[in-house]
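Notes for the one structure printed next.
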Amino acid sequence: MKPLQSAPKPELSGRRTADRARREPFLDPYQARRKLKGSTVCPKCGAVYHRGRWQWGQRPDDARAEPCPACRRIADSLPAGTVTLHGAFAQQHKDEIIGLARHEEAAEKGEHPLNRIMGIADTPEGLVIDTTDIHLPRRLGEAVKRAFHGKLAMHFDDAGYFVRVDWRAPG
Ligand SMILES: [Zn+2]
């Protein structure tokens, strides 16, 4: 007997919630703690908070020093997202996958300073990539899927402001 397929595909529902979260960035507790007044520069990564958002660029003369949300997450070891690449295939293609992930991260981070890879670890579950934001995991998962096919599942935890992406090799 085939299982019922009434539930929405995790990938699609994840996309909807991630899109909603993107429109409502204040949901991120690390961003929402308080609004910064004036210009701020992160002493760790050099990102500049200016005109209401974190960006790369020239440090304004009057900037105060305060860690950015991404560096605070890194210091707290509290990722906003995680990508788990399951199975032996991911192990065998680890270097390629990490290279791909770093390439995607560089492109994402160039535009969005707070979207970064926090760490990459070999675990019993698979190759796990932690990120400082909820958008990069989907980008990483989709890049791996484009390169190697396989199955992608995404789960967004509204309450915890956390996204989990799981990739499994084809077959
Ligand atoms: Zn920073």
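A few comments on the model shown:
- Cβ-Cβ distances below 8 Å connect the following pairs, each with a first residue in segment 88-104 that is over 15 Å from Ala121 (Cβ atoms), a second residue that is in a helix (DSSP H, G or I) and β-branched (Val, Ile, Thr), and a separation of six or more residues or different chains: Leu100/Val144.
- Some residue of segment 4-25 being modelled with pLDDT of 90 or more and closer than 19 Å to Arg164 by Cα: no
- Answer residue from segment 152-171, given it is part of a strand (DSSP E or B) and not hydrophobic (A, V, I, L, M, F, W, C) and is surrounded by the fewest Cβ atoms within 10 Å (Cβ to Cβ) among those: Asp157
- The numbered conditions (1) part of a helix (DSSP H, G or I); (2) within 15 Å of the chain's Cα centre (by Cα); (3) away from the ligand (no atom under 16 Å from the Cβ) are all true for Lys145 except (2).
- Of the residues making up segment 47-67, those that are within 13 Å of the ligand (Cβ to nearest atom) and either surrounded by fewer than 16 Cβ atoms within 10 Å (Cβ to Cβ) or without any contact (Cβ under 8 Å) to a residue 24 or more places away in the chain (or both) number 7.
- Of the criteria (1) at pLDDT 95 or above; (2) more than 21 Å from Pro79 (Cα to Cα); (3) of a type in the set (D, E, K, R), which one Asp62 fails: (1)
- Here Ala147, Ala121, Ala107, Ala153 are screened, and the one residue that is touching an Asp or Glu at 6+ places or on another chain (Cβ under 6 Å) and modelled with pLDDT of 95 or more is Ala153.
- Being away from the ligand (no atom under 13 Å from the Cβ) and over 23 Å from Phe162 (Cα atoms) is a property that does not hold for Lys44.
The values are calculated or read from the model by the stated rules, or taken from the named source; none is laboratory data. Small disclaimer: the values here were computed from a predicted structure and weren't measured. Ideal geometry is used to build each Cβ from the backbone, glycine not excepted, and the neighbour counts take in all protein chains shown.
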